[in-house]
Each structure stands twice: as structure tokens, then as C-alpha cells.
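Written below as C-alpha cells is the structure these notes are about.
The values are calculated or read from the model by the stated rules, or taken from the named source; none is laboratory data. Bear in mind that the values here come from a model prediction, so they are computed numbers and not experimental data. Reconstructed Cβ throughout: ideal geometry from the backbone, glycine too, with neighbour counts over all protein chains shown.
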Amino acid sequence: MSETILVKKENGVAVLTLNRPKAFNSFNREMAFALIEALKNCAKEEEIRAIVLTGAGRAFCAGQDLKEATEDNGVSFEMILNEHYNPIVKLIRTLKKPIVAAINGVAAGAGANIAFACDMTIAKSTASFTQAFSKIGLVPDSGGTFFLPRLVGLQRATAMMMLSNKITAQEAVDMGLIYQCVEEADFESTVTKLANKLAKMPTKALGMTKELINAGLTNDLNAQLDMEGSYQIEVSESYDYQEGVNAFLEKRKPEFKGK
Ligand code: T3D
């Protein structure tokens, strides 16, 4: 495994750390492929029931490595989009386990949009977000034009994407862009607590919830109600549903197995 992604597995949680701190964890081809591989492994490994995505050093991720993008290295924009960012965003959305983005510092360009594609995004109070694309004459990618208007509404999303202003972690929470903003001293413990909690929950139901949320972004109400119905019937046959109901009736804590 490439050193550009550090992988730590503990208590059912895989922590994936973007690890190119000198370049603010911007994506080169090696790191993009390593992240894809790490996400695919997390999807396959049954014992992994929650994932944390974070960055090493001062930044979360500054998006595309602009040095690599402008070198004469045979890597085209088409390859960068089709082989790096699009697969990463699709994997994040289709992986049937919760993914927490732990934003330790600035998240820019594709780095910001990858953070917004995660299931729950928690940022250090000193972290910030910027679309960045417009400042270098590009359009947003990595799902930004899909997720941002849905998260914060058309006006704010348009302003963010056209102006590329820096948004603080607290502003991001206030506008519904991310889940939580946490003081620096409490950041790691808050992320660990949330990830450990998610890893002990009924993973099958959480994965299916994620699929429903994905579908709800484009379905009409009838289609969504039908899908909820069939998923509820399916999940009612799971081990964890039996365990959840039994634990409730027996007034004890459930011990979910994730299936
Ligand atoms: O092929 C394609 O390009 C298509 C794909 C596009 C996807 C994208 O993500 S496009 C957007 C690319 N990202 C950006 O435009 C962001 C560029 N970076 C910045 O605007 C700023 O660095 C930040 C706002 C992220 C942080 O600002 P600040 O003042 O805290 O830090 P800094 O001093 O600008 O950067 C610190 C170091 O990180 C610096 O290295 P140095 O000079 O100390 O050796 C800087 O060069 C490096 N760095 C930051 N961003 C990138 C980067 N190196 C390479 N690529 C970067 N994107």
C-alpha cells in the first residue's frame, strides 16, 4: 500500500489519512489510486463497520495537486476526472458503511467536495472550506454542483462556487453544509467517539439508509415510498433487527453484529 494513504484499523473503524502534508494533501495520481484501493478494501472487509477520512498535518486536502496537473506527464484532465475523482465520490456514496470526514484543516477544490460527499462531516473550529476552482478558471467537480445546492440551497451554493470564498467551520455548520464544528482540543476524541459509536450500530440498516438517501436525491415521493417499503421488509429479516427489538423488550443494551 502506498504511503500517501495511511490506514489504521481499530474497534471496527478504519481511519484513512491523506498523507502528503507538504503539498497540503493535494491529490496526485498515486494518492488517488491509493484512496480508491483503501475504500474498496473497507467495503470488502466485514469487520470494518465505519470509516473516517482525514488529513495529515495542517490541511485536510487542497484538491488536485496543481504541480502534477501542469507537468508534462501524460495524465490528462479526462484521466484525472474519470480515474481519480469520479470513482472516489461514487465509492464514498455507494459504500454501504458510514463515512465520517474529519476535517482537520483547510479543504479546497476536490478536497472540499469529497468532504461534502461523506455521510457526516466534522471539522475542527480552525478548519475552512473553499471551492477554489473559480480562482484558477475551472468549474467545480467531484460532485460539488450536485451536493452543494442540495446541502445549502441554490443561492449560497452558487456564491460559494463562483466566488470561492473561504468558509469557516462554524459558518459551514450554520448553513447546513457540514454536521459539526468542534474545538481543537476535543476534535480527535469527538471523531473517535462518533466513529466507534457508528461501528457498533446495525451496519446493514445504516448501509441501506445510505442507499435510500442517495435515491431520495433524485426519486419522486412515490418511488421513494416504494423503496423504503421494500428495504424495510428486507431489513426486518436481519439479525440486528431481532437483536434490537429483543434488547428493547428485555431492557438491555443491544449487541449488533452489523448483519
Ligand atoms: O486536472 C485538474 O486540475 C482537474 C481537477 C481539479 C480538481 C481540483 O481540486 S481543482 C482545485 C485545485 N486546488 C486549488 O486550486 C487550491 C490551491 N491551494 C490554495 O488555494 C491554498 O493553498 C489553500 C487555500 C488550500 C491553503 O492556503 P494557505 O495560505 O493556508 O497555504 P499555502 O501557503 O497556499 O499552501 C501551503 C503549501 O501547500 C504550499 O507549499 P510550499 O510553498 O509551502 O512548498 C503550497 O504550494 C502547497 N499546496 C497547496 N495547495 C496545493 C499545493 N500544492 C499543490 N497543489 C495544490 N492544490
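The set of residues in the range 10-27 being under 19 Å from the mean Cα position of the chain (by Cα), within 9 Å of the ligand (Cβ to nearest atom) and more than 11 Å from GLY55 (Cα to Cα) consists of PHE27 alone. Sort out which residues of the range 229-256 are surrounded by 15 or more Cβ atoms within 10 Å (Cβ to Cβ) and either outside any helix (DSSP H, G or I) or among the charged types (D, E, K, R) (or both), and write them in order of number. Once the filter is applied, which keeps residues that are surrounded by 15 or more Cβ atoms within 10 Å (Cβ to Cβ) and either outside any helix (DSSP H, G or I) or among the charged types (D, E, K, R) (or both), the range 229-256 yields SER238, ASP240, GLU243, PRO254, PHE256. Please indicate, with yes or no, whether at least one residue in the range 64-84 is over 25 Å from GLY207 (Cβ atoms), surrounded by fewer than 17 Cβ atoms within 10 Å (Cβ to Cβ) and of a type in the set (Lys, Arg). Checking the range 64-84: at least one residue is over 25 Å from GLY207 (Cβ atoms), surrounded by fewer than 17 Cβ atoms within 10 Å (Cβ to Cβ) and of a type in the set (Lys, Arg). Restricting ILE80, ILE114 to residues that are out of contact with any Pro (no Cβ under 7 Å at 6 or more places or on another chain), in a helix (DSSP H, G or I), near the ligand (Cβ under 8 Å from one of its atoms) and at pLDDT 95 or above narrows the list to ILE80. Taken together, SER125, SER164 contain a single residue that is within 11 Å of the ligand (Cβ to nearest atom), in contact (Cβ under 8 Å) with a residue 24 or more places away in the chain, surrounded by 14 or more Cβ atoms within 10 Å (Cβ to Cβ) and of a type in the set (Ser, Thr, Tyr), which is SER164.
Scanning the range 35-71 for residues that are under 16 Å from ASN104 (Cα atoms) and either among the polar types (S, T, N, Q) or not in a strand (DSSP E or B) (or both) returns THR54, ALA56, GLY57, ARG58, ALA62, GLY63.
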